[in-house]
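Peer 1: I am attaching a structure below and will ask some questions about it afterwards.
The values are calculated or read from the model by the stated rules, or taken from the named source; none is laboratory data. Not measured: the values here are computed from a predicted model. Every residue, glycine among them, receives a Cβ derived from its backbone with ideal geometry; neighbour counts consider all protein chains shown. To get the accessible areas, we keep the full protein, side chains included, count just its heavy atoms, and leave off ligands, DNA and RNA. Shrake-Rupley method; radii C 1.70, N 1.55, O 1.52, S 1.80 Å.
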Amino acid sequence: DTGVSQNPRHKITKRGQNVTFRCDPISEHNRLYWYRQTLGQGPEFLTYFQNEAQLEKSRLLSDRFSAERPKGSFSTLEIQRTEQGDSAMYLCASSLVSGVNEQFFGPGTRLTVL
Amino acid sequence: AQKVTQAQTEISVVEKEDVTLDCVYETRDTTYYLFWYKQPPSGELVFLIRRNSFDEQNEISGRYSWNFQKSTSSFNFTITASQVVDSAVYFCALSDDIHYNQGGKLIFGQGTELSVKP
């Protein structure tokens, strides 16, 4: 399968624990995006990378959140000291840098913080 | 600021009916892109269409059609002869123009949940 993959698909954790999610984009895509989606809402932008450079971060991305894309391929999103409000679906998308921005989404990681 | 509004939270139709999903957007950019995505119960967002701000030509793809009207900042989506498999949440999204080191994130509307009953 050559689509965007995300792991794990589901994560249940206790408040205060740290969690890390992984995203593997489509191989030739140099842009990688992270979004967060809560129940009944549209996805909200968190951050994006062009190759290994993190070019933009949303104000939604508090200092407990950190994202990396060390070799310009896969990316990780870490949440430290999780809170119940962090419970959401975390979506990853990738695209080519071109005049058009068709983003392809992965299946998401559903985080539940107890 | 950029914003996308999908005023219809839920729509329910009977199979074979036509249905139109509304999308209104706000942006100060002169060059921008509009998208529709489908999110079936499985959860994965599926790309349906992209339209740039300079192309107001309507598009038809099978049972799907899109009406882009810059004068009213709307990008509406019509499904003709709806089917049960069309049941999903549909999102309209807006993106600014991509320059090499900026731009490109998607701003989504709240989504419209379409239920097609047999």
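Peer 1: May I ask you to find the residues of the range A:36-59 that are shielded by at least 50 Å² of accessible area once the whole protein assembly is considered instead of their isolated chain (probe 1.4 Å)?
Peer 2: A:P43
Peer 1: Say we join alpha carbon atoms closer than 10 Å with springs in a Gaussian network model of chain A; which of A:T47, A:T76, A:T38 then has the biggest fluctuation?
Peer 2: Taking springs between Cα atoms under 10 Å, the residue moving most is A:T38.
Peer 1: On the protein heavy atoms, probe 1.4 angstrom, tell me the percent of accessible surface of chain B carried by carbon and sulfur.
Peer 2: Working: 2750 of 5830 Å².
On chain B, the fraction of accessible area on carbon and sulfur atoms equals 47 percent.
Peer 1: Compute the accessible area per residue over chain B, keeping the other protein chains in place, probe 1.4 Å, unit Å².
Peer 2: Numbers: 5830 Å² over 118 residues.
Heavy-atom accessible area per residue stands at 49 Å².
Peer 1: If you wrap the protein assembly as shown's Cα atoms in a convex hull and average its projection over all directions, what's the area in nm²?
Peer 2: Details: hull surface 51.4 nm².
In nm², the orientation-averaged hull projection of the protein assembly as shown is 12.9.
Peer 1: Given the convex hull over the Cα atoms of the range A:26-114, what projected area results after averaging over all orientations, in nm²?
Peer 2: Mean projected area of the Cα convex hull: 6.0 nm².
Peer 1: Taking chymotrypsin sites (Phe, Trp or Tyr not before Pro) as exposed when DSSP calls them loop (any state but H, G, I, E, B) and at most 14 other Cβ atoms lie within 10 Å, what is the longest stretch of chain B free of them, the sites themselves excluded? Write down the numbers at each step before the final one.
Peer 2: On the way: sites that count: B:F54, B:Y100.
Longest gap between qualifying sites, sites excluded: B:1-53.
Peer 1: Another one. Using +1 on the beta carbon of Lys and Arg, -1 on that of Asp and Glu, and nothing else charged, what's the dipole of chain A about the Cα centre, debye to 20? Before the final figure, lay out the partial values.
Peer 2: Values: 14 positive and 12 negative charges, 91 e Å.
The dipole magnitude comes to about 440 debye.
Peer 1: Interface size between chain B and chain A, please: total buried accessible area, 1.4 Å probe, rounded to the nearest 100 Å².
Peer 2: Details: alone 6810 and 6550 Å², together 11400 Å².
In total, chains B and A hide about 2000 Å² from solvent.
Peer 1: Within the range B:16-118, report the trypsin sites (Lys or Arg not before Pro) that DSSP leaves as loop and that have at most 11 other Cβ atoms within 10 Å.
Peer 2: B:K16, B:R28
Peer 1: So, one more: Does the range B:41-117 classify as rounded, prolate or oblate by the C-alpha gyration tensor (a ≥ b ≥ c root eigenvalues; a/c under 1.5 gives rounded; else a/b over b/c gives prolate, otherwise oblate)? Before the final figure, lay out the partial values.
Peer 2: Numbers: a/c = 2.30, a/b = 1.44, b/c = 1.60.
Oblate.
Peer 1: Still on this structure, please answer the following. Mind checking the full-extension length gain between B:T78 and B:K3? Use 0.36 nm per residue of separation minus the Cα-Cα distance, one decimal, nm.
Peer 2: Numbers: separation 75, 0.36 × 75 = 27.00 nm, distance 2.12 nm.
24.9 nm is the gain from fully extending B:T78 to B:K3.
Peer 1: Sticking with this structure for a sec: Using only alpha carbon positions, build the gyration tensor of the range A:58-107, then give the equivalent ellipsoid semi-axes as the square roots of 5 times its eigenvalues, largest first, whole angstrom. Each step should come with its number before you reach the end.
Peer 2: On the way: eigenvalues 115, 36, 23 Å².
Semi-axes (√(5λ), whole Å): 24, 13, 11.
Peer 1: Scan around A:R110 for amide H atoms under 5 Å from its own, H built in the peptide plane at 1.01 Å from N, and keep only partners 5 or more places away or cross-chain.
Peer 2: A:H10, A:K11, A:Y90
Peer 1: Of all the accessible heavy-atom surface of the range A:1-106, with the other protein chains kept in place and a 1.4 Å probe, what percent is carbon and sulfur?
Peer 2: Numbers: 2360 of 5270 Å².
C and S fraction of accessible area: 45 percent.
Peer 1: For chain A, the longest stretch holding no trypsin sites (Lys or Arg not before Pro) located in a DSSP loop with at most 14 other Cβ atoms within 10 Å is which? List each step's numbers first, then the result.
Peer 2: On the way: sites that count: A:R9, A:K14, A:R15, A:R59, A:R64, A:K71, A:R81.
Result for the longest clean stretch: A:16-58.
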